[in-house]
Amino acid sequence: MAGLELDPVLLARLQFAFTISFHIIFPAFTIGLASWLAVVEGLYLKTGRQVYEDIYRMWIKIFAVCFGMGVVSGVVMSYQFGTNWSVFSDKVGNVIGPLLGYEVLTAFFLEASFLGIMLFGWGRVSKKMHFASTVIVAVGTVISAFWILSANSWMQTPQGFEIGADGLLYPTNWLEVIFNPSFPVRFFHMLTAAYLTTAFVIAGVSAYYLWRKLHVEHAKVMFSMAMLIAVFVSPLQLFIGHMHGENTMHHQPVKVAAMEGNWEQGGNKPLYLFGLPNEDTETTDYGITIPNGASWVLTGSGDGVIPGLKDVPKEERPPVATVFWSFRIMVGIGMAMIFTGVIASVLYFRKRLFDSPKFQLWCMAMTPTGFIAVLAGWFVTEVGRQPYSVYGVVKTSESISPVIAEQVLLSLVIFIVFYTLIFGAGSYYILKLIGKGPIESQQAEGYYEHGHETAAPLIAGDHQGAR
């Protein structure tokens with residue numbers, strides 16, 4: 001590496017970006033999946049239909065794998081606060097530390113306590129107790145998101161603190177810290193994103209079953225539930241996202257300027273559907289625009305004034321192209337989700353919801369889009385905050401540990417290798433479970449007694465005898 005100068009700040013940021021990108025896809029899925037499983041089990045208790053039990057028993061295994069991978073990746077990520085970002089931890093630990101501690105006390109312990117009943121209690125505890133455990137785990141995932149989003153939102157819009165004589169940040173009002181200006185809208189934006197992510201995974205899997213004429217009864221139930229979420233939650237997400245954009249323009253105007261590719265502050269600003277932000281010439285080239293669109297969307301008026309990147313010096317601006325394109329990927333996927341809901345509604349009223357191969361292929365293609373949108377949204381949020389780790393208070397360059405760049409690079413490479421192996425194996429197992437489907441996965445494990453509707457796990461001696 002002679003002559004190659006490595007930047008430890010950039011490498012530490014890349015390492016954290018890599019680990020958090022891996023981590024966030026699992027909570028985004030399990031938050032929605034836990035709530036959906038609670039609904040499925042509630043429908044089973046209400047109707048007694050075997051199809052709901054079959055669906056639950058299939059997806060609970062997938063939930064367990066994703067929950068486990070989410071915990072593991074989260075633990076690894078948190079260690080970086082001590083290894084790569086110890087100065088940040090020292091400066092803001094008095095504020096961030098308790099919020100993360102509350103997440104463990106109120107959410108993680110709650111989830112871990114009842115997760116065992118949820119995973120292994122079927123047939124061993126009463127149906128109502130098992131359902132209660134599923135609901136508690138679902139509530140725990142939402143509480144967990146509450147505290148994590150509160151901590152992250154405080155880093156975006158910090159308030160309720162003071163800077164001591166030692167340069168450290170101290171909380172002065174916990175309600176202001178927790179319910180900081182961007183938290184409410186960001187919390188609901190992330191929550192609806194999680195539900196949509198889960199819905200489109202379930203839609204893709206059930207569409208595959210319908211397309212292949214497999215597990216048709218189960219697939220129709222799953223597909224109907226997924227399309228209900230697409231129909232009603234996708235437009236809601238667009239509304240919440242709009243509120244989030246207005247909030248961001250008020251509190252982080254430079255981030256909005258990067259999202260819009262807008263360099264000069266002013267009114268009558270176009271909305272860029274496509275463009276290439278050029279930080280050297282401070283222009284957005286080859287633009288395909290809607291006249292006055294950005295002003296109208298952000299202010300409700302065609303001549304409304306929106307911020308420009310030139311409002312601040314170059315060193316105070318985020319990487320524009322990354323924010324600009326990530327935002328368009330997120331919004332584009334959101335519009336595709338709304339389109340999916342519209343087509344589903346049309347097919348439903350034409351009584352062809354389960355009989356359109358083209359729509360089934362479309363839903364299969366949409367399967368990973370929730371994850372992509374979540375990652376794109378986090379890129380907008382985190383990259384758009386630069387050059388600050390705590391917006392307007394602590395810069396990222398002032399937050400890093402005194403680490404050697406080569407060591408950060410080596411650990412990043414190790415993370416990439418091991419994450420690929422471990423999470424690749426987990427993903428392969430999930431695909432195998434999906435391939436087996438809701439009926440085969442249960443029969444293969446001997447969960448049912450012949451002709452009996454209630455699950456009856458074989459006792460240990462039966463398994464040993466079978467071997």
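The values are calculated or read from the model by the stated rules, or taken from the named source; none is laboratory data. These numbers were taken from a predicted model, which means no experiment stands behind them. A quick note on method: Cβ atoms are made from the backbone with ideal geometry, for glycine too, and the neighbour counts reach across all protein chains shown.
On inspection, SER389 passes the criterion of being within 30 Å of ASN247 (Cβ to Cβ), of a type in the set (Ser, Thr, Tyr) and under 22 Å from the mean Cα position of the chain (by Cα).
Taking the criterion of being more than 16 Å from GLY123 (Cα to Cα), among the polar types (S, T, N, Q) and in contact (Cβ under 8 Å) with a residue 40 or more places away in the chain, the only residue of the range 32-56 that qualifies is SER35.
Residue-wise test of (1) among the β-branched types (Val, Ile, Thr); (2) touching a Lys or Arg at 6+ places or on another chain (Cβ under 7 Å).
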| site | (1), (2) |
| --- | --- |
| ILE338 | yes, no |
| SER345 | no, no |
| LYS351 | no, no |
| MET366 | no, no |
| TYR388 | no, yes |
| GLY424 | no, no |
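Go through the residues of the range 263-281 one by one and say whether even a single one is at pLDDT 90 or above, touching a Leu at 6+ places or on another chain (Cβ under 7 Å) and in a loop (DSSP other than H, G, I, E, B). Checked the range 263-281: at least one residue is at pLDDT 90 or above, touching a Leu at 6+ places or on another chain (Cβ under 7 Å) and in a loop (DSSP other than H, G, I, E, B). When the range 346-359 is filtered for residues that are surrounded by 14 or more Cβ atoms within 10 Å (Cβ to Cβ), assigned to a helix (DSSP H, G or I) and either hydrophobic (A, V, I, L, M, F, W, C) or modelled with pLDDT of 95 or more (or both), the ones remaining, listed by number, are LEU347, PHE359.
GLY300 passes every criterion in (1) buried (at least 16 other Cβ atoms within 10 Å of the Cβ); (2) at pLDDT below 90 apart from (1).
Scanning the range 70-86 for residues that are in contact (Cβ under 8 Å) with a residue 12 or more places away in the chain and either under 19 Å from THR134 (Cα atoms) or in contact with a strand residue (DSSP E or B) (Cβ under 9 Å, 6 or more places away or on another chain) (or both) gives GLY70, TRP85.
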